[in-house]
Amino acid sequence: MVRSILNKYRIKGGTFDQHFLVETSYLDRIVAAADLNPEETVLEIGAGIGNLTERLARKAKKVIAIELDPALVHVLHDRFDAVENIEIIAGDALKLDFPEFDKVVSNLPYSISSEITFKLLRHRFSLGILMYQYEFAKRMVSPPDCKDYSRLTVDTYYFADASILMKVPKGAFQPAPEVDSAVIKLVPRPAPFEVKDEAFFMDFVAGVFSQRRKKLRNAILNTNYMLGIPEVKEVVNQLPEDFMGKRAENLTPEQLAEVANMIVDLKSGSRGSKQDSEA
Ligand code: SAM
């Protein structure tokens, strides 16, 4: 069915990360994992020729399908204009404002995986079932002390519980990508640890992981152009050696938040004492 649509519209794929999921068993497993009910609105990013879209629409109240490639937008209109519960949005998912949705289910364009995930994680929704490159998926769920543990892991964990639901082989797609893929289940929830200044915590995590081979002390000093910590040397000297002598990749998200919170406290303390002395 999926192959016949590709043939009918002479779609070859390859550009815009176009790897169409042709193995119907995987499409069915993705839809089953989304556990949709007729009250729910689903967002789909990169709808392609609508192979997943049509399955989602059978279970959900509404599917909002975003697609960048005008040739594929044409196919989607051709196939679904008569289907009441499918809305097609032509455009770049990175630039569009997302509408309200309950769940997001997508076989994502891999070259925008990071940006689209960071964008999604800042939205309110109950469940994400998302296909990524397998290597990327492993980075989202890695424990500390591993090479895959990264800024992406900590940011993901801050916003949601993430787990790998299934690995998907290259051969399930047409054209086949060069690497295997995996479907991630993302369940947004409040952060399981305290963060006193979210924007600073995000910058801190980005900064220290950009220097992942350095001990935390040097990573903070080297990236202070991003962090903007006043009197950074004195601040770093007041932080516990247990943390400063380790690398970011050896600290749990909770421990990284603890350090970021201590810096926030020291920053506000130094601002307070400066104001006191100026008064
Ligand atoms: N949903 C189809 C499937 O499961 O077979 C296609 C998935 S394919 C991996 C990714 C799709 O995302 C392609 O149709 C591509 O044109 C589209 N795409 C690429 N970049 C995009 C962007 N920035 N915004 C929206 N769609 C994009």
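The values are calculated or read from the model by the stated rules, or taken from the named source; none is laboratory data. If you're wondering where the values come from, they're calculated on a predicted model, not measured in any experiment. Every residue, glycine among them, receives a Cβ derived from its backbone with ideal geometry; neighbour counts consider all protein chains shown. Quick note on the areas: whole protein, heavy atoms, side chains included, nothing else; ligands and nucleic acids left out. Shrake-Rupley method; radii C 1.70, N 1.55, O 1.52, S 1.80 Å.
Details
- Heavy atoms of Ser268 accessible to a 1.4 Å probe, total area in Å² rounded to 10: 60 Å²
- Dividing the helix sum by the residues of the chain, where each DSSP H run of 4 or more adds -39500 (n - 2.57), gives a mean residue ellipticity at 222 nm of -12500 deg cm²/dmol.
- Using a Förster distance of 41 Å, the FRET efficiency for Met226-Leu165 (Cβ separation, nearest 0.05): 0.75
- Computed with a 1.4 Å probe over protein heavy atoms only, the accessible surface of the chain comes to 49 Å² per residue.
- Backbone HN-Hα couplings from phi across the range 146-160 [Karplus 6.51/-1.76/1.60, Hz, Gly and Pro as x]: 10, 5, 7, 6, 7, 3, 4, 4, 5, 4, 4, 5, 4, 9, 7
- In the range 110-165, trypsin sites (Lys or Arg not before Pro) in a DSSP loop with at most 14 other beta-carbon atoms within 10 Å: Arg122, Arg124, Lys147
- The region of the chain that goes longest without hitting one of the chymotrypsin sites (Phe, Trp or Tyr not before Pro) in a DSSP loop, each with at most 16 other Cβ atoms within 10 Å, is 10-192.
- Those GluC sites (Glu not before Pro) in the range 170-265 that DSSP places in a loop and that have at most 11 other beta carbons within 10 Å: Glu178, Glu194
- Per-residue SASA entry for Val187, accessible area with 1.4 Å probe, Å² rounded to 10: 50 Å²
- Taking 27 Å as the limit for the C-alpha separation, the pairs Lys170/Lys246; Lys138/Lys170; Lys61/Lys170; Lys147/Lys233 exceed it in the case of Lys170/Lys246; Lys61/Lys170; Lys147/Lys233.
- Shape call, the range 1-99: gyration tensor on alpha carbons, a/c limit 1.5: oblate
- Computed from the C-beta positions of Tyr9 and Glu241 and an R0 of 45 Å, the FRET efficiency is 0.10 to the nearest 0.05.
- Accessible surface of the chain, 1.4 Å probe, proportion on carbon and sulfur as whole %: 48 percent
- ³J(HN,Hα) computed for each position of the range 209-219 - Karplus, 6.51 cos²θ - 1.76 cosθ + 1.60, integer Hz, glycine/proline x: 6, 6, 10, 5, 7, 8, 5, 4, 3, 5, 4
- The chain: C-alpha pair distances exceeding 25 Å, %: 52 percent
- Share antiparallel - DSSP beta bridges, the chain, percent rounded to 5: 50 percent
- Between Glu87 and Ser268, the FRET efficiency estimated from the beta carbon spacing at R0 = 45 angstrom works out to 0.45.
- Percentage relative contact order, the chain, counting C-alpha pairs under 8 Å, at least six apart: 15 percent
- Share of pairwise Cα separations in the range 143-279, more than 27 Å, in percent: 33 percent
- Rg followed by Dmax, in Å, when the range 119-172 is reduced to its Cα trace: 11.8, 34
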